[in-house]
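**Student:** Questions regarding the structure given below will be posed in turn.
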Amino acid sequence: MKKVLAVFLCLLICVSLCCCKGDKIDGNDARQALECVFNKEQNFTYKSLVFDEITQENLADFEFQTPSSAREVFIPHSYAYVDFDRDGVEELFIVDARLSYFLILRYDGEKVTGYMVDDNVDLQNVKTNGTFLTVSYIFDDFKIIGKDFYVCEVEFDGLEYRFNTLASQNHEENIYKIGEQSATKDEVEAYINNWKNSTTQIEWCNINQE
């Protein structure tokens, strides 16, 4: 009986290991799939931010619309590989020529999905560990008089994504948080400064416009 149980346990472990191995996405396969999309050789799946339509798009003629913009043509300007969700597989982060629109391409083992980012990402504070800063501007009579910063990370779920905020500041309403917990202004500023000093900025690759 013990021998039968031992054999059964061994088989169970082997099956579990095989399943886990099968579920893991190979980084080289992901890079190859992303490069094919980047080189306009393959399409990517895209869900509109405005109409929720799911389409197949190509970077050669990709048009998009955000809740705060009219329909635009995406013109790649620079890019970097970043493991945003820290699963060991890098995503491709592409910046539009206007430096205000961003596209994340992600390979899920079967297809490449594109996510338009409708946030002001601070391009000088995108880190190799997948975290980054977003910026909210404070206006007075249409003039920028200040900035609020948010340390964020990305979570993907199929065709959807969301930013999780690790630290946030709202100077106008005096609301400061670390995660979901309230904090003081000094505590949040110290968190952001420590985050900047303890992480490494990614290196951007420029794209030659033809």
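The values are calculated or read from the model by the stated rules, or taken from the named source; none is laboratory data. All figures in this text were calculated on a predicted structure; none of them were measured in a lab. Don't worry about glycine lacking a Cβ; one is built from the backbone with ideal geometry, like all the others, and counts go over all protein chains shown. Note: accessible area is taken over every heavy atom of the protein model, side chains too, but ligands, DNA and RNA are not part of it. Shrake-Rupley method; radii C 1.70, N 1.55, O 1.52, S 1.80 Å.
**Student:** Go over the candidates Arg86, Arg31, Arg98 one by one and state the one that is of a type in the set (D, E, K, R), at pLDDT below 95 and over 30 Å from Gly179 (Cβ atoms).
**Tutor:** Sole residue among the options that is of a type in the set (D, E, K, R), at pLDDT below 95 and over 30 Å from Gly179 (Cβ atoms): Arg98.
**Student:** Given the options Ile144, Ile178, Ile138, name the one that is in contact with a Leu (Cβ under 8 Å, 6 or more places away or on another chain) and over 28 Å from Leu59 (Cα atoms).
**Tutor:** Ile178
**Student:** Can you list the strands (runs of 3 or more DSSP E) lying wholly within region 115-210 that have 3 or more residues being under 23 Å from Ser100 (Cβ atoms) and either open to solvent by less than 90 Å² (accessible area, probe 1.4 Å) or without any contact (Cβ under 8 Å) to a residue 24 or more places away in the chain (or both)?
**Tutor:** In region 115-210, the matching strands (runs of 3 or more DSSP E) lie at 121-126, 132-140, 143-157, 160-170.
Quick grid of which residues meet (1) more than 20 Å from the chain's Cα centre (by Cα); (2) not acidic (Asp, Glu):
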{"site": "Gly130", "(1), (2)": "no, yes"}
{"site": "Ser136", "(1), (2)": "no, yes"}
{"site": "Asp140", "(1), (2)": "yes, no"}
{"site": "Ile145", "(1), (2)": "yes, yes"}
{"site": "Phe156", "(1), (2)": "no, yes"}
{"site": "Asn174", "(1), (2)": "yes, yes"}
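**Student:** Could I ask something else about it? Within region 106-120, how many residues turn out to be modelled with pLDDT under 95 and β-branched (Val, Ile, Thr)?
**Tutor:** Adding up the residues that qualify gives 1.
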